[in-house]
Amino acid sequence: MAKLYFRYGAMSSSKTANALMVKYNYGERGQNALLVKPAIDVRDGVRTVKSRCGLSSECVLFHEMDIAAIKRGDYDCIIVDEAQFLSKDEVQLLTDIVDEYNVPVICYGLRTDFQGNFFEGSHWLMAWADTIEEIKTICWCGRKAICNARLDGKGGITKVGEQVVLGANDKYIGLCRKHWRLGDPGPDFRN
């Protein structure tokens, strides 16, 4: 039976690298995995998924998924990067793909934003996914990083602003709860 997976982690936990490796593994076994991302993510090009370690692959935008091809069985798996940016209706569509067409869907994304609040996609994936797995990384202090901090550019972090501001290491860092609460991004970022 197919399942809906949500694999989440803090910034810099290698979520995208994991997604790309899973796609590669399907291909290596002669299977066809469809790589998808929300249209909002244009950091590395409109139809490209790229990890910070240099792995990349072409993808389709979520709203461009060919449901008829999925229903026909053209894909052995659907892999969704940046799944936190999905809407409730889009997560519902993924549950339909799993339940109606028996195609596994593996979603990768952040659990919470820089203020500690769920993204809409993450909220519904946490509610509806069959399997929820954490991809772990560490804070600068060595503790497990579970929070996403937005750098303020002045040696600290900010907890005000729009929920979505695209960026990677230039704007965000994964921190343990203590250092997120204290607003301390670590010695590499302090002025």
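The values are calculated or read from the model by the stated rules, or taken from the named source; none is laboratory data. These figures come from a predicted structure and were not determined experimentally. Reconstructed Cβ throughout: ideal geometry from the backbone, glycine too, with neighbour counts over all protein chains shown. In case anyone asks, the SASA skips ligands and DNA or RNA and just uses the protein heavy atoms, side chains included. Shrake-Rupley method; radii C 1.70, N 1.55, O 1.52, S 1.80 Å.
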Test: residue in segment 175-186 that is within 23 Å of Ala83 (Cβ to Cβ) and open to solvent by 60 Å² or more (accessible area, probe 1.4 Å) = yes
Boolean, Lys23 is open to solvent by 70 Å² or more (accessible area, probe 1.4 Å) and modelled with pLDDT of 95 or more | no
All conditions in (1) at positive phi; (2) open to solvent by less than 30 Å² (accessible area, probe 1.4 Å) are true of Lys15 except (1)
Of the residues in segment 80-108, those that are touching an Asp or Glu at 6+ places or on another chain (Cβ under 6 Å) and open to solvent by less than 10 Å² (accessible area, probe 1.4 Å) come to Tyr108
Considering each residue of segment 68-79, count those that are open to solvent by 10 Å² or more (accessible area, probe 1.4 Å) and either under 16 Å from Glu133 (Cβ atoms) or charged (D, E, K, R) (or both), and give that number.
-> 4
Looking only at segment 152-169, count how many residues are more than 23 Å from Leu86 (Cα to Cα) and surrounded by fewer than 20 Cβ atoms within 10 Å (Cβ to Cβ).
-> 6
Does any residue in segment 23-45 that is of a type outside the set (Ser, Thr, Tyr) come within less than 6 Å, Cβ to Cβ, of a residue that is assigned to a helix (DSSP H, G or I) and open to solvent by less than 70 Å² (accessible area, probe 1.4 Å) six or more places away or on a different chain, and which pairs are these?
-> Ala33/Lys23; Ala33/Tyr26; Leu35/Lys23; Val36/Phe62; Pro38/Phe62; Pro38/Phe85; Ile40/Phe85
For segment 145-153, does any single residue satisfy the condition of being assigned to a loop (DSSP other than H, G, I, E, B) and modelled with pLDDT under 95?
-> yes
Any hit, segment 155-168, residues being under 19 Å from the mean Cα position of the chain (by Cα) and under 23 Å from Lys23 (Cβ atoms) | yes
Take the residues of segment 37-54 that are open to solvent by less than 70 Å² (accessible area, probe 1.4 Å) and at pLDDT 80 or above: which is nearest to Ile106 (Cα to Cα)?
-> Lys37
Test: Ala149 is under 27 Å from Cys59 (Cβ atoms) and surrounded by 15 or more Cβ atoms within 10 Å (Cβ to Cβ) | no
Looking only at segment 121-130, decide whether some residue is part of a loop (DSSP other than H, G, I, E, B), acidic (Asp, Glu) and either in contact with a Gly (Cβ under 7 Å, 6 or more places away or on another chain) or more than 29 Å from Asn32 (Cβ to Cβ) (or both).
-> no
Is segment 103-119 home to any residue that is touching a helix residue (DSSP H, G or I) at 6+ places or on another chain (Cβ under 6 Å) and polar (S, T, N, Q)?
-> no
Set Leu61, Leu34: member being more than 12 Å from the chain's Cα centre (by Cα), at pLDDT 95 or above and open to solvent by less than 50 Å² (accessible area, probe 1.4 Å) | Leu34
